[in-house]
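Here is the structure we will look at, set down as structure tokens.
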Amino acid sequence: VKGRSRAILGALLVSAAFALEALGRRHAPSRPDWLEELHPLLGAAPASSFAREADRDPLVDFRGRPFPRRRTGTRVLVVGGDAAVRLLPEIERALSGAEVVSAAREGFGVAQEAAVLGRFGPAIDPSVVVAVDGEELLSSPSDAGATSEWEWSRSAIDSPIGESLARVSGAARLLFVKRLPVLEAGQARTRYVEGARAVRVLASGRHVRLLWALAPSSGLDGASRAALAREIEKNAPPYDACDSPDEIVRRLKSS
Amino acid sequence: VDEKRRERWRRTALVALAAAVLVDRPGVELALTWAGLAAFAVFPPRREKLGWAIVVILLLARATSLVPLGVVAHLGKPAGAVFIAGLAIAGFFATARAISPPAARPGFAAQALATIVALLISVEGGLRVAQEGDGDAVLANAVPLFAVTPVNGALAPTDEARLDFRQHLFEPRKPSATFRVLLLGGSTAWGYMQASRDATPAAMLERTLVPIARGRRPEVVCLAYPGYTSDQELGVWLAGASRFEADLVLALDAYNDMLFSSRRDAYPGYHHYWKQHRFGLGRPFLRELSLRSKILRPFLREWLWTEQPSATLSTTLVPGAANDFWLGGLVANEESLALLARARGAAFVWAPVPLSYDRLVPGPHEGDPKVRRESPFREEVVARSRAARERAGPAVEACGGTVLDLGRAFAARSSAGEDWFADECHLTDRGVEVLAEEVASGIARAEGVR
């Protein structure tokens, strides 16, 4: 009986350990390159991309694809978060002859879009900018521009050894990798509108066509999305607002 | 007490000390450390080499964090000194007992080691008391978009009053009858040589801009900080400064872009504190040690902490006045700031920082090599400065901004009797006065700024 109890207890402990491990991995996905990819201006960026090696020719986009500094034909720059990343293959299929440069990355919002256009716009020299954003309306970190890499950075600051454990253990992530504080919905919306206007000002100021759509994952229904678009448009230069990312692809195809 | 029980206590002590290494709360950490030390004092480990090594290493590691600042701050300095002495004595006896055979007097080696531990504790504690407040810059400063911030919450998206980067309290919503200037830039704009805000460019500008403000009260919100380049200025704007309802955005910069942050290993957004992230956080154990030990910190600083910001042609500067890394970035950022400021209804003025070489007649102490560097560095600086003014100036104007050539203004006003520069780019109090006067007079002459 004693042996059986020990076996049951052991099995329970092992199951609990596995459950914690799984829970922890879901709580904070692995970011083995967080330190390498943490970026002071964009929050995070691939190590060999134009954001890190701005003096190269050709420059390299976020997918690791090189592109020359001087464009020879149409160059489409795609910016934004998850939804923009998902849209990239479709844009490429739709524009077989055009050069598609990615500056989109999981967790990016309008702050990064504006930083890309503001700091790197002249170097990338796009003819069209495609922006799919708004995911930060659901959850916007209180530090503008923070990405999940910053969660790991903060955990390394709070507990360097805990962060080392969290790199290999999901259970340790529960304890040591803490979610960044987020803004209230109203503040997130105000910040988003402000950033979206900055993107439009920078695109317009550099005479680049901007095609924009709100990401379906922004969590807004049709009416709210239209209201948001109107709010952005109120004090922003003209741009092409699209109902959905698919419409962006259709418009790119038709033009 | 039988040997089994002793062994159990020793293991418990080891676990307590190991836990203390992980725990970041000073009170719990201290309690665990004391518990571990007490267990070793009462139940010393057997004389086995491995056990010895573990015990000594853990004791030394813990000795560096035995005096949390909070405890000393709570007790006050005299009581803190007594506390440290008590810890040192306890550390001595605990170590001597821990590495001596049970029921035997500590030998020479044990006493020597115990003395070292006690000394370490004393020196460590003394340094902590003496250098109170020298914390971890990463903890307070690291932020996305503009790399580091001296004031957390300065750009928060709330309507609460907050401090600017020169500790001046301001409301995010501009009070009525106020002419608000956002001051962007690096150390010169921040007032690197000025201990008090009263002598900084921000305060001086509040005086010299009175005629331009036309009945309104000039208020300068300083969002400049040492080491910032135009990358950080753009980041500051995007991170929240755009909400501050500025009438005028003044970027007083370019030196860090063209020199200080143009290191061979730098990249856009780089700041010298950033090294902590890139290197310090990648070596957590060494970093932990450096954070906990004031003794070890100077030795580890070279690898883990902020690099000494120096610029020499051979090691740190990206060569070439036309180098696109810094010049392309500077032009792009100034253009962007001009566009963004104008879109918010604010005038944008770009004023590249004047350099000591701009003075035709140096002041009494401005011949010093620190103020006027020697060839070929000097020629490189002058060439870059010229390139920055020639390329960024027209770009700013094309975006609706105004350019102030403070270098030319300084040259025109040069008089031999005064020192305006403390080094190549940092101004004396008198230099700041001259700068504020020239900025005001330049703005008064420019159209569309007010």
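Computed values, structure above
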{"read-out": "Test for B:A202: is it over 25 Å from A:N235 (Cα atoms), more than 12 Å from chain A (Cβ to nearest Cβ), buried (at least 24 other Cβ atoms within 10 Å of the Cβ) and touching a Gly at 6+ places or on another chain (Cβ under 6 Å)", "value": "no"}
{"read-out": "Residue among B:E335, B:E302, B:E307 that is in a helix (DSSP H, G or I) and either facing another protein chain (nearest Cβ under 10 Å) or modelled with pLDDT under 70 (or both)", "value": "B:E335"}
{"read-out": "Tally of residues being under 22 Å from the mean Cα position of the chain (by Cα), of a type outside the set (S, T, N, Q), away from chain A (no Cβ under 14 Å) and loosely packed, with under 14 Cβ neighbours inside 10 Å across the stretch B:139-180", "value": "1"}
{"read-out": "Residue match in the stretch A:60-71 (condition: crowded, with 21+ Cβ neighbours inside 10 Å, over 13 Å from the mean Cα position of the chain (by Cα) and closer than 27 Å to B:L281 by Cβ)", "value": "yes"}
{"read-out": "Residue among A:A227, A:A241, A:A213 that alone is away from every other protein chain (no Cβ under 14 Å), of a type in the set (G, A, S) and part of a helix (DSSP H, G or I)", "value": "A:A227"}
{"read-out": "Yes/no for B:L184 being of a type in the set (A, V, I, L, M), more than 23 Å from B:E437 (Cα to Cα), in contact (Cβ under 8 Å) with a residue 40 or more places away in the chain and within 14 Å of chain A (Cβ to nearest Cβ)", "value": "no"}
{"read-out": "Criterion (among the β-branched types (V, I, T) and free of Cβ contacts under 8 Å to residues at least 60 places away in the same chain) met by exactly one of B:V349, B:V382, B:V353", "value": "B:V382"}
{"read-out": "The lone exception for A:D55 - which of (1) under 25 Å from B:W326 (Cα atoms); (2) assigned to a helix (DSSP H, G or I); (3) not polar (S, T, N, Q) it fails", "value": "(2)"}
{"read-out": "Residues that are more than 7 Å from every other protein chain (Cβ to nearest Cβ) and closer than 20 Å to B:G235 by Cβ, drawn from the stretch A:151-161", "value": "A:E151, A:R154"}
{"read-out": "Residue in the stretch B:109-132 that is within 30 Å of B:Q232 (Cβ to Cβ), modelled with pLDDT under 80 and in a loop (DSSP other than H, G, I, E, B) present", "value": "yes"}
{"read-out": "Residue check, A:V110 modelled with pLDDT of 95 or more, facing chain B (nearest Cβ under 10 Å), within 21 Å of A:S244 (Cβ to Cβ) and buried (at least 19 other Cβ atoms within 10 Å of the Cβ)", "value": "yes"}
{"read-out": "Residue check, B:G400 of a type in the set (G, A, S), within 14 Å of chain A (Cβ to nearest Cβ), over 20 Å from B:S187 (Cα atoms) and in contact (Cβ under 8 Å) with a residue 12 or more places away in the chain", "value": "yes"}
{"read-out": "Some residue of the stretch A:78-96 being surrounded by fewer than 16 Cβ atoms within 10 Å (Cβ to Cβ), away from every other protein chain (no Cβ under 14 Å) and more than 23 Å from the chain's Cα centre (by Cα)", "value": "yes"}
{"read-out": "Sole residue being more than 19 Å from B:L234 (Cβ to Cβ), within 14 Å of chain B (Cβ to nearest Cβ) and either buried (at least 21 other Cβ atoms within 10 Å of the Cβ) or aromatic (F, W, Y) (or both), chosen from A:S140, A:S148, A:S164", "value": "A:S140"}
{"read-out": "Count of the stretch A:113-130 residues which are among the acidic types (D, E) and more than 10 Å from every other protein chain (Cβ to nearest Cβ)", "value": "1"}
{"read-out": "Strands (runs of 3 or more DSSP E) (entirely within the stretch B:160-266) containing at least 1 residues that are among the aromatic types (F, W, Y)", "value": "B:178-185"}
{"read-out": "Those residues of the stretch B:205-229 which are within 28 Å of the chain's Cα centre (by Cα) and in contact (Cβ under 8 Å) with a residue 60 or more places away in the chain, in sequence order", "value": "B:L205, B:L223, B:Y225, B:G227, B:Y228, B:T229"}
{"read-out": "Verdict on B:G282 being within 8 Å of chain A (Cβ to nearest Cβ), among the small types (G, A, S) and in contact with an Asp or Glu (Cβ under 8 Å, 6 or more places away or on another chain)", "value": "no"}
{"read-out": "Selection within the stretch A:215-249 - of a type in the set (A, V, I, L, M, F, W, C) and in contact (Cβ under 8 Å) with a residue 24 or more places away in the chain", "value": "A:A215, A:L220, A:L228, A:I232, A:A236, A:A241, A:C242, A:I248, A:V249"}
{"read-out": "Only one of B:A341, B:A322, B:A412 that is part of a helix (DSSP H, G or I), closer than 28 Å to A:A51 by Cβ and either modelled with pLDDT of 90 or more or not β-branched (V, I, T) (or both)", "value": "B:A341"}
{"read-out": "Residue check for A:D133: buried (at least 20 other Cβ atoms within 10 Å of the Cβ), more than 7 Å from chain B (Cβ to nearest Cβ) and within 19 Å of the chain's Cα centre (by Cα)", "value": "yes"}
{"read-out": "Residues (out of contact with any Phe, Trp or Tyr (no Cβ under 9 Å at 6 or more places or on another chain), of a type in the set (D, E, K, R) and over 13 Å from A:R75 (Cα atoms)) located in the stretch A:96-152", "value": "A:E106, A:E113, A:R119"}
{"read-out": "Filtered residues of the stretch A:27-59 (kept if more than 9 Å from every other protein chain (Cβ to nearest Cβ) and free of Cβ contacts under 8 Å to residues at least 60 places away in the same chain)", "value": "A:D33, A:P46, A:A47, A:S48, A:S49, A:R56, A:P58"}
{"read-out": "Residue in the stretch A:36-51 that is under 18 Å from the mean Cα position of the chain (by Cα), farther than 22 Å from A:A198 by Cα and part of a helix (DSSP H, G or I) present", "value": "yes"}
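The values are calculated or read from the model by the stated rules, or taken from the named source; none is laboratory data. Here the structure is a predicted model, which is why all the values come from computation and not from measurement. Note that each Cβ is placed from the backbone with ideal geometry, even for glycine, and that neighbours are counted across all protein chains shown.
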